[in-house]
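Comments concern the structure below.
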Amino acid sequence: MNYLNLEEFEKKIAYTFQDKSLLKLALTHSSYANENKRGSHENNERLEFLGDAVLDMVVGEYLYRTFPQMPEGELTKLRAAVVCEGTLAELSRKLGMGRCLLLGKGEESTGGRDRESILADAFEAVIGAVCIDGGILAASDYVMRFLKTPIEEMKGNFRTLDCKTCLQEIIQRNSKVPLQYRIIGEEGPDHNKLFVAEVDHDGKVLGRGRGKSKKEAEQAAANDALEKMKEEQKD
């Protein structure tokens, strides 16, 4: 069942569209367009493409101006952490965006309204729609209205977010044997699957972790290894 209510959603995002059809398009998933025999362009994928580019530019400029002493590599890591799928999906949930999506029956029945990728893509599509409707300044205001807080929350600990790189740097100080990451299992239904990863070094298991993607699981495994190293240093 679709719950699309444009006026209610506009209040939540604090932006009123001049062209309401842009917002409706931003909330139209390809599954809905396909089931209703719409054209290949009558879904939110093109707006998501634009929104993704605008998001990177707006957040990049904000970080550049806000952290003048931060080197390029750290700026890149922080931006990646801020605009990642998980962050955007969580913002979508807080806005109730899942209830507003136009989904096909198949996608609806398999939990599409709460799927991370669909929610994150929709968030970016709305950015694209705001940009087309009100221009780049309106889109910039919209982006920072929701992402300023996540940036503030992440800036203090973003260096630990890339756990794989951190772990590799520590291991390479004393060993030339490379780290090995393996996906050792999968848990949960297909629409909400968790991958289980393990990181090994020289035949020893250093850590294990779970994530909604293989990369996320590997990062979790690396983080587990780092936490164990900290505990060993305390003993």
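For the range 163-234, compute Rg over Rh where Rg is the Cα radius of gyration and Rh is the Kirkwood radius from the inverse mean 1/r over Cα pairs. All intermediate terms of the calculation are to be shown ahead of the outcome.
Values: Rg = 12.7 Å, Rh = 12.4 Å.
Over the Cα atoms of the range 163-234, Rg/Rh equals 1.02.
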### Query
What's the center-to-center distance, using Cα atoms, between the range 96-168 and the range 62-89 in Å?
14
#### Entry: All Cα pairs of the chain, percent lying beyond 26 Å
48
### Query
GLY207's amide H: which non-local residues (gap 5+, or another chain) put their own amide H closer than 5 Å, with H modeled 1.01 Å from N in plane and none for Pro or chain starts?
VAL199
## Note on the structure
Calc'd 3J(HN,Hα), the range 122-127, phi into Karplus 6.51 cos²θ - 1.76 cosθ + 1.60 (θ = phi - 60°), Hz, glycine/Pro = x, comes to 5, 4, 5, 5, 5, 4
### Computed label-point distance, nm, for sites MET70 and ASN174 using a 7 Å Cα→Cβ extension
3.2
### Tilt relative to the chain, helix 136-154 - C-alpha long axis, 0 to 90 degrees, to 10
30
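Where a ≥ b ≥ c are the square roots of the eigenvalues of the C-alpha gyration tensor, would you call the range 106-235 rounded, which needs a/c under 1.5, or, failing that, prolate if a/b is larger than b/c, or oblate?
Details: a/c = 3.14, a/b = 1.65, b/c = 1.91.
In terms of gyration-tensor shape, oblate.
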### Query
Relative to the longest principal Cα axis of the chain, at what angle does helix 45-66 sit, 0 to 90 degrees, rounded to 10?
60
### Cα long-axis angle, helix 72-82 against the chain (0 to 90 degrees, to the nearest 10)
60
### Message
Taking θ = phi - 60°, what integer Hz values does the Karplus form 6.51 cos²θ - 1.76 cosθ + 1.60 yield along the range 177-190, in sequence order, with x for Gly and Pro?
### Response
6, x, 6, 10, 10, 9, 8, 9, x, 9, 10, x, x, 4
#### Entry: Histogram of C-alpha separations across the range 93-172, 5 Å bin width, %
3, 12, 15, 15, 15, 14, 12, 8, 4, 2, 0
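Read-outs throughout are calculated quantities, based only on the coordinates presented, and are distinct from any laboratory measurement. These figures come from a predicted structure and were not determined experimentally. Counting neighbours? That spans all protein chains shown, and the Cβs are built from the backbone with ideal geometry, glycine included.
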